[in-house]
1. Can you name the condition, by its number, that GLU81 falls short on among (1) part of a helix (DSSP H, G or I); (2) open to solvent by 70 Å² or more (accessible area, probe 1.4 Å)?
2. Tally the residues that are assigned to a helix (DSSP H, G or I), free of Cβ contacts under 8 Å to residues at least 12 places away in the same chain and open to solvent by less than 100 Å² (accessible area, probe 1.4 Å), restricting the search to the stretch 36-67.
3. Pairs please, first residue from the stretch 150-176 and within 22 Å of VAL28 (Cβ to Cβ) and open to solvent by 70 Å² or more (accessible area, probe 1.4 Å), second anywhere and modelled with pLDDT under 85 and of a type in the set (Lys, Arg), Cβ atoms under 8 Å, 6+ apart in sequence or on different chains.
4. With the requirement that a residue be loosely packed, with under 15 Cβ neighbours inside 10 Å and of a type in the set (Ser, Thr, Tyr), what does the stretch 123-146 give you?
5. From the list GLY97, GLY112, which one is crowded, with 21+ Cβ neighbours inside 10 Å and part of a strand (DSSP E or B)?
Amino acid sequence: KGNWYAIVYVKCPLPEVQEPKGWIGVDVGVRASLTRSDGYRGPDLRPILKKQKERSAERQRQGVNHSFGCQTPQRQVLAHEARKLVNVSRSTGRGIGLEDPKRLPRYKQWAGRYLASRAQLLALLVGVPVALIAPPYTSITCSRCGTVEKHQRHREMFRCWTCGYTANADFNAAQNIWRASSLREGENGQY
């Protein structure tokens, strides 16, 4: 159809993975693209998804094909957040604790998988360690006392019925991922 594409392979030396001085836990979501254990919340993806859906519908109505290789706006936001995450962890000397993208629930899969793969790639290029944590129960476990209760989370709010701890649910999950990353390091020295 008159289009030519080139596949270019680049080989670059990878730096040695540095010993982390601590960890940054990251919870991926839709209300906030990501929430870090240091308190940072990324932008809300819902308006971006809504705008993209409207654009796609308009393109389809006009008969315009989706262009090959274009990165969607939500993926652009996630790629930007992954770069910021790796830069923060590199500058502070901390490792990154992420939910294992292969074990994410259905509603988190596309964003979580993309962010995790992007962050892993960028971290590998600069020598930042990444720990993949199993995601079950991270958002319903109290990060203070460790109580697991299904009804402690209500939408964006988390409240522990045992110790009374109240926080944003994504921040609580990021704290649990951070704690699991720290324990994993002490457990067997691997990331």
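1. The one condition GLU81 does not meet is (2).
2. Of the residues in that region, 5 qualify.
3. Short answer, once both residue conditions are applied: GLU156/ARG31.
4. TYR137
5. Going through GLY97, GLY112 in turn, the sole match is GLY97.
The values are calculated or read from the model by the stated rules, or taken from the named source; none is laboratory data. Remember, predicted model here, so these are calculated numbers, not experimental data. Note: ideal-geometry Cβ built from the backbone for every residue, glycine included; neighbour counts use all protein chains shown. The accessibility values were calculated without ligands, DNA or RNA, using every heavy atom of the protein model including side chains. Shrake-Rupley method; radii C 1.70, N 1.55, O 1.52, S 1.80 Å.
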